[in-house]
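The values are calculated or read from the model by the stated rules, or taken from the named source; none is laboratory data. All values derive from a computational prediction rather than experimental measurement. Here Cβ is always computed from backbone atoms with ideal geometry, including for glycine, and neighbour counts include all displayed protein chains. The accessibility values were calculated without ligands, DNA or RNA, using every heavy atom of the protein model including side chains. Shrake-Rupley method; radii C 1.70, N 1.55, O 1.52, S 1.80 Å.
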Amino acid sequence: QVRLVESGGGLVQAGASLKLSCTASGRTFTTMGWFRQPPGKEREFVAGVRRISGNSYYADSVKGRFTIARDNAKDTVYLQMNSLKPEDTAVYYCAVQMTYHTNYASQAYYNSWGQGTQVTVSS
């Protein structure tokens, strides 16, 4: 089992930036993803990164604005969020795949989840 601790959420105005962090402890993971759940909506994929290759993936809604990066020495993955919009308001969760899956966007392939951190973007 992997324990995930998230930090970095908050309340910002539209156009601002936030950086989320997720630190893993326990077992080594293959992929870490960030998901979000907007108010009244389903949880959705935001971004993912492969631990070894560093390959990263993004939802269309955040491409060009969000950047995911890993620091393997710290077992930490960051999500830099720029040009935030009110529609980015959500609870953000990090999650890890223990076994490599080609499908990086499906929640079904993620084994451990963080507690979530609230991001609120005001207009």
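Per-structure values
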quantity	calculated
Residue check, Tyr110 out of contact with any Asp or Glu (no Cβ under 8 Å at 6 or more places or on another chain), farther than 16 Å from Lys19 by Cα and open to solvent by 70 Å² or more (accessible area, probe 1.4 Å)	no
Members of the range 75-87 found to be within 18 Å of Gly114 (Cβ to Cβ) and at pLDDT 95 or above, listed by number	Thr76, Val77, Tyr78, Leu79, Gln80, Met81
Residue check, Ser56 within 13 Å of the chain's Cα centre (by Cα) and within 11 Å of Cys94 (Cα to Cα)	no
Residue that is least open to solvent (accessible area, probe 1.4 Å) [pool: residues in the range 59-80 that are more than 15 Å from Tyr93 (Cα to Cα) and among the small types (Gly, Ala, Ser)]	Ala69
Listing of strands (runs of 3 or more DSSP E) fully contained in the range 71-123 that carry 1 or more residues being touching a residue at least 40 places away in the same chain (Cβ under 8 Å) and within 15 Å of Val2 (Cβ to Cβ)	76-81, 90-97
Boolean, Tyr92 is surrounded by fewer than 22 Cβ atoms within 10 Å (Cβ to Cβ) and more than 13 Å from Thr31 (Cβ to Cβ)	no
Close pairs (9 angstrom Cβ cut-off, 6 or more residues apart or separate chains): under 19 Å from Gly116 (Cα atoms) and free of Cβ contacts under 8 Å to residues at least 60 places away in the same chain in the range 13-30, of a type in the set (A, V, I, L, M) and open to solvent by 40 Å² or more (accessible area, probe 1.4 Å) anywhere	Ser21/Val5; Thr23/Val5; Ser25/Val5
